[in-house]
Each structure stands twice: as structure tokens, then as C-alpha cells.
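Peer 1: Dropping the structure in here first, questions after.
The values are calculated or read from the model by the stated rules, or taken from the named source; none is laboratory data. This is a predicted model, so every value here is computed, not measured. Methodologically, a virtual Cβ is constructed for each residue, glycine included, from the backbone with ideal geometry; neighbour enumeration extends over all protein chains shown. Note: areas computed on protein heavy atoms with side chains; ligands, DNA, RNA excluded. Shrake-Rupley method; radii C 1.70, N 1.55, O 1.52, S 1.80 Å.
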Amino acid sequence: MKTTLEGIVSYAKQYGFIFQGSEIYGGLANTWDYGPLGVELKNNIKKAWWDAFVKTNKYNVGLDSSIFLNPETWVASGHVSGFQDPLMDCKSCKTRHRADKLIEAFSNGTVDADGWDKQKMYQYIVDNQIKCPKCGEVNYTEIREFNLMFKTAQGVVEDSKNIIYLRPETAQGIFLNFKNVQRTARKKVPFGIGQIGKSFRNEITPGNFIFRVREFEQMELEFFCKPGTEMEWFGYWKTYCADFLKSLGLSSDHIKLYNHPEEKLSFYSNATTDILYQYPWGFDELWGIASRTNYDLKSHMDHSGESLEYLDPETNEKYIPYVVEPSLGVERLFLALLTESLDEEVLGENDTRTILRIHKKLAPVSIAVLPLMKKYHTEKSEEIFALLSKHFNVQYDDAGNIGKRYRRQDAIGTPYCITIDEETLTLGTVTVRDRDTMSQIKLPVNELKTYFENQFE
Ligand code: ATP
């Protein structure tokens, strides 16, 4: 089934994955709140990333640095002077647009204006009479550079000395702690530091649901290696990342690698590849993987005056490590997973079911406990709920007929349903139903824990 973006948005709302932010006040544009199922899915995504990139990866360790960093950080990183997008306003309808995106959309992606100067973009838009997507007029202001960092003031006095920024990426907190982590974790290069946390960007044109938002979470790895070995590691992490996505059930047909052409690379990067996913509107960036040379550590060294060099204990060589950075947005993976998994399955002539074929480990609810008849089976069902909920994410549902309850669990992607009936009371067995095949087996209650441990291994 081809899933549309509108279909995903309404599904996410209907089942309590994602709600419009501040809804009772009429909403706050492009903010989203994650409901009971959304928060579970998000947590499972983050856990899967952390397990793969930190916990089970022998090279890497974790970090949780603060959102507010010394403002000098953003001068050194280049964000104060360079983290900007070309913005233009439509004078007729007062909407704001990113000039490069207008060109990209107009040319159906065949013209990439990234790296063009303001004049060239403006001329292209005028020459091609590119219409405002909102009102259809061609009546724009000049292009201005717009810095994407959110500013705020620290402390009680608002003056320019107290200005601090909400971080636009988690990476810089890792660079600032490079020495602390290397020393205390007794790490030798090559090694990596992974971090998950909120980032903020004042995007000019947010949209496509949770794909481009102003407040989002990133899962970033900064991998430090010896200069000259970075291309080898770049290849290693590209494969590692693509394999990770496939292990979560994204089909390789829906994943594409886009290598940035050399002339389009950021000045500090010697190779960048985006992993694109086929979202409902087409292939778009899911994961950015960049070889960033020693740019960040070197800039922080120059600005702070602190040495961030590494002394190789075996060769006694001193150098500033090179960095490979795979950077992934939680929301973009969330949306990719919904796109991939949401399906409407035809079961019979007039029978369909909504099913979220999500990877078992990511499913917001792992097991549903369903008493067949509330009146007779509640006590035993509550016992089973208490037993399993210590180990798994279990939902208890006794409302409505059993068929409807199965369908609801299919729709939210619950891999297993347990039904408690008369046989449970007399023989001590329950029915376990599989989401994908709908097949049912009988199991003794005392074997449930081991059975599910094996299923979710
Ligand atoms: P784009 O070109 O889509 O704006 P980017 O190249 O600026 O993205 P990076 O700076 O490489 O993105 O950020 C790394 C990752 O963080 C992205 O691949 C994406 O998964 C996520 N990300 C970046 N910006 C946003 C956003 N506004 N909303 C949600 N996720 C984002």
C-alpha cells in the first residue's frame, strides 16, 4: 500500500502517537507533542540507536552534554557567521520562503542551488518567474541571510553579554568534552562519543509533519581517528548506518545514498554522504554522514587556547584527530518507520485491517493482555499483566469485543496478544496471537516470560 503523508498524520493523531502542539490554544505552528504510543516509539528508537552505536560498539562511549554552551562555542564552530539560509518574503501574501528550496521545487530537484550566492539565486527565480507556492504571485523581496540559531538571554539582565543560544546540533558539546572523555574513559584513538539530545533550529520553512521542525532530537556520533585513516572510517560508518536502518526493517529499496559532489562540500568536509529515505513525497535526507577533518577540534583549540591534541601512546606522535560524524534525527527515523510499516491489509472481500508492521523491538506496546470476558477473567488477567509488565511493555485492554481489540492492537503494531479465557482458569493456558500471521498458539502461563524473552531477544 502507498502511504500518504495525510494518512500518516491522521493515523498518528487517531491512535495517540502525535498531537498538534498547544492544541487547545489553537496550536503553535509546527510543534508536535508525542502521546502515549509516540513516546514509547521514540524511546525505543533512541534505545535501538544507543544499543547499536554506544552500548554494543567496542569503539564508542556516551555523553549527555548541556543544551546551553558558552557562546564562544558557536563562534568557533562557524555557526554565528555561517549557519544561515537564504530567505525571501512574498510581498503579496507575506509568506517566507527559502530561495534555494523554491528553485529546487521548481526544477523538480534537477537544479541544486546549495552554494549559489544570493544574486545568482534571485536572478534564477526572476528569470524563471518562479511563483510563490502560497499565492502564485512573483513579487519577492531581496534575498537575506537568516541565522537559524535561537537566541535567548541568560540571567536576569537582558544585554548583549548575556546572549546564549539553544544548540542547533548536539555535536559541539561532544567536541568541547573530547579531552574529558578521552582521559576519563581511557580511550585510545580511534574511538567515538555518542550523544542523544534536543537541538533547535529556527527553520524558515518547516513542514512535512515531523520531518522538518524547529525543535527536534538528534542522535549523533563523533568518531575520532588518526588523520589519513578517515576515509576508511567514513566507509565503515556508512555501511554501519545503512545496516542499522535495514536491521530496523527499512527496506533497501527505500534507502538511497547520496554522495555530495566535491564542489558542493562544506569547506571543512572532505566527504559527505546523506542516507535518503523514500518518504511519501519522495527521497529525502534521513541521515547525514560527514567526514569533518580536524576542523572542529582545531577551531575550538584556536578559540579556547586549550590543547585538544592527542598523544599517541604507542608512537609518541601528537596530532589533532580527524572526525567522522553520522548524525540522525529521531523524528526523521520515526516518520520513516511509520511510512515503511503502516499498511492496510485486505483480508477478505469486505474485510481489511490497519496494521503497523513495525519491528518487534520498536513496537510501542510489546504485548497486549486481553481478558476474554471482563466478568470472569479479570483477576487472572491482572495477575498476568503484573507478571509480564515488569519485563515488557504491556497494555491491558478489556473494552469491546475480542475481535475489535485484536484489530486495535494490529493497528498500533503490537506483536503479540494474550487472551485469557476459561481454559486459563481450568488448565492454566492462554492463547497467544501473532500480529503478522494472526495465527494463535496455546501456552502455559508459567512459560510466558521465557517465551517472550526469546521472541524479543
Ligand atoms: P536539511 O538539509 O534537511 O535541512 P541538514 O543537512 O541541515 O538537513 P544536518 O545539519 O546534517 O541536517 O543534521 C543532521 C540530521 O539532523 C539530519 O540528517 C536530520 O536527520 C536531522 N535534522 C536536521 N534538521 C532537522 C529539522 N529541522 N527537523 C528534524 N530533523 C532535523
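Peer 1: Output the number of the condition that Tyr279 fails; it satisfies all remaining conditions of (1) within 14 Å of the ligand (Cβ to nearest atom); (2) farther than 18 Å from Phe234 by Cα; (3) open to solvent by 50 Å² or more (accessible area, probe 1.4 Å).
Peer 2: (3)
Peer 1: Give the residues of segment 153-192 that are among the β-branched types (Val, Ile, Thr) and either in a loop (DSSP other than H, G, I, E, B) or exposed (fewer than 12 other Cβ atoms within 10 Å of the Cβ) (or both), sorted by residue number.
Peer 2: Val156, Val157, Thr170, Thr184, Val189
A quick yes/no check of all residues on (1) under 21 Å from Ser327 (Cβ atoms); (2) under 16 Å from the mean Cα position of the chain (by Cα); (3) surrounded by 14 or more Cβ atoms within 10 Å (Cβ to Cβ):
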| residue | (1), (2), (3) |
| --- | --- |
| Lys13 | no, no, yes |
| Gly21 | no, no, yes |
| Glu40 | no, yes, yes |
| Trp49 | yes, yes, yes |
| Val54 | yes, no, yes |
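Peer 1: Still on this model: Please work out which one of (1) without any contact (Cβ under 8 Å) to a residue 60 or more places away in the chain; (2) of a type outside the set (Val, Ile, Thr); (3) open to solvent by less than 10 Å² (accessible area, probe 1.4 Å) is the condition Glu317 fails and give its number.
Peer 2: Tallying (1) without any contact (Cβ under 8 Å) to a residue 60 or more places away in the chain; (2) of a type outside the set (Val, Ile, Thr); (3) open to solvent by less than 10 Å² (accessible area, probe 1.4 Å), Glu317 fails exactly one: (3).
Peer 1: Moving to a separate point now. Taking the condition away from the ligand (no atom under 16 Å from the Cβ) and at pLDDT 95 or above, does His254 pass?
Peer 2: For His254, the condition - away from the ligand (no atom under 16 Å from the Cβ) and at pLDDT 95 or above - is not met.
Peer 1: Of all residues in segment 328-376 being part of a helix (DSSP H, G or I) and of a type in the set (D, E, K, R), which is farthest from the ligand (Cβ to nearest atom)?
Peer 2: Out of the qualifying residues, it is Lys375.
Peer 1: What residue, of Asn162, Asn147, is more than 16 Å from the ligand (Cβ to nearest atom) and of a type outside the set (A, V, I, L, M)?
Peer 2: Step by step, each of Asn162, Asn147 is checked, and only Asn162 is more than 16 Å from the ligand (Cβ to nearest atom) and of a type outside the set (A, V, I, L, M).
Peer 1: Taking Gly428 and the conditions (1) open to solvent by 50 Å² or more (accessible area, probe 1.4 Å); (2) at positive phi; (3) not basic (Lys, Arg), which numbered condition does it fall short on, given that it satisfies the others?
Peer 2: Here Gly428 clears every test but (1).
Peer 1: How many of the residues making up segment 347-376 are of a type outside the set (Gly, Ala, Ser) and modelled with pLDDT of 95 or more?
Peer 2: So the answer is 17.
Peer 1: Also, I was wondering about something else. Give me a count of the residues in segment 131-152 that are under 20 Å from Gly78 (Cα atoms) and small (Gly, Ala, Ser).
Peer 2: Number satisfying all stated conditions: 0.
Peer 1: For segment 257-276, give me each residue that is away from the ligand (no atom under 14 Å from the Cβ) and either farther than 19 Å from Glu230 by Cβ or buried (at least 17 other Cβ atoms within 10 Å of the Cβ) (or both).
Peer 2: Glu263
Peer 1: Out of the residues in segment 167-200 that are more than 15 Å from Gly78 (Cα to Cα) and within 15 Å of the ligand (Cβ to nearest atom), state the one that is farthest from the chain's Cα centre (by Cα).
Peer 2: The qualifying residue farthest from the chain's Cα centre (by Cα) is Ile174.
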